[in-house]
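Just below is one structure, and these are the notes that go with it.
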Amino acid sequence: MSDVLINAMANLEEEKTLALVRERMQSGESALEIVEQCRKGVELVGKRYHQGSYFLSDLVMSEAIFQEVMKLVEPCFPVAADSIDQDQAPRVVMGTIEGDIHDLGKNIVIYILRAAGYQVCDLGVDVPAERFITALKETGATILGVCVVLNFCIEPVKRLIDLLREQGLKNYVHVIIGGSPVDVFVKDYTGADYYCNNAVTVLEIFDQISGVTRILPSHQR
Ligand code: B12
């Protein structure tokens, strides 16, 4: 059944995708699970682009449809845990690494985190290592989220983490990397502490890092 939504997204069928999302939400499916189905759909868009059957304009179209999906699902993201006091909210610095302008995934993660009570400093896209480091010092954040989508930008992520180590920041900053090419090998290669390449486990990982216990309503589990 989930494949219907994945395929509608992959085929860039905007009306059908949005109708299916509304249907799923009405039937109580988790917002994060719906985002994950749509992410799998645009993964297929990427494959078709790579194979030559889709063009750059189709990548742009997939982003536009995803943005419309987000407008529908955002209000249903998991909300702040009672245990999070806003003054004590975990602080996160987040950005897309230098050379890479993909930010849809990063922005989704930021929506999820903010809805869940995190304070997130968003540095945007194409962010040089030095900018990440300045922001960590300025905000006192102990979690650094780095988005990397292009394979050739994995190297700059490694350089960023090497720089954090050289400057003695790595001991108290947890680094989590995310994006479609990220897996355990990329995590180990770059020296990151955690990785995440889907919508469903993002909050779980951040809560684990920051020691937040969250009891979600059953439809959000
Ligand atoms: C939409 C899209 C675009 C849009 C981006 C719009 C935007 N504002 O982001 C546009 C059209 C601008 C674009 C441009 C390009 N793109 Co593009 N794009 C895509 C596409 C189809 C979808 C990406 C996406 O948004 N996915 C949906 C989100 C929700 O998924 P996600 O990014 O994986 O994020 C999730 C998780 O990974 C995780 N996550 C993401 N970030 C983070 C960060 C943290 C900290 C954490 C914890 C988790 C996390 O949570 C998210 C939610 O689930 C992908 C295909 C793919 N396989 O990803 C190609 C793809 C990434 N693009 C590709 C390419 C080649 C390009 C271009 C170079 C094309 C060109 N010739 O110009 C340019 C890049 C320019 C640049 N310098 O960056 C290739 C990259 C190949 C590679 N791996 O190196 C891909 C894989 C397509 C392909 N198969 O060839 N692209």
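Working carefully through the options Lys187, Lys170, find the one that is surrounded by 14 or more Cβ atoms within 10 Å (Cβ to Cβ), without any contact (Cβ under 8 Å) to a residue 24 or more places away in the chain and assigned to a helix (DSSP H, G or I).
Details: Lys170 fails: assigned to a helix (DSSP H, G or I).
After applying the criteria, what remains is Lys187.
Looking at Glu29, Glu36, just one residue is at pLDDT below 95, crowded, with 16+ Cβ neighbours inside 10 Å and farther than 15 Å from Phe66 by Cβ, and that residue is Glu29.
Can we say Ile108 is touching a residue at least 24 places away in the same chain (Cβ under 8 Å), near the ligand (Cβ under 8 Å from one of its atoms) and in a loop (DSSP other than H, G, I, E, B)?
Here the answer is no, as Ile108 does not meet what is asked.
The requirement of being hydroxyl-bearing (Ser, Thr, Tyr), surrounded by 15 or more Cβ atoms within 10 Å (Cβ to Cβ), within 11 Å of the ligand (Cβ to nearest atom) and not in a helix (DSSP H, G or I) is not satisfied by Tyr49. For the stretch 67-75, does any single residue satisfy the condition of being at pLDDT 95 or above, of a type in the set (Asp, Glu), part of a helix (DSSP H, G or I) and more than 8 Å from the ligand (Cβ to nearest atom)? Yes: one or more hits.
The values are calculated or read from the model by the stated rules, or taken from the named source; none is laboratory data. Values in this document were obtained by computation on a predicted structure and should not be read as measured data. Every residue, glycine as well, gets a Cβ built from its backbone with ideal geometry; the counts of neighbours run over all protein chains shown.
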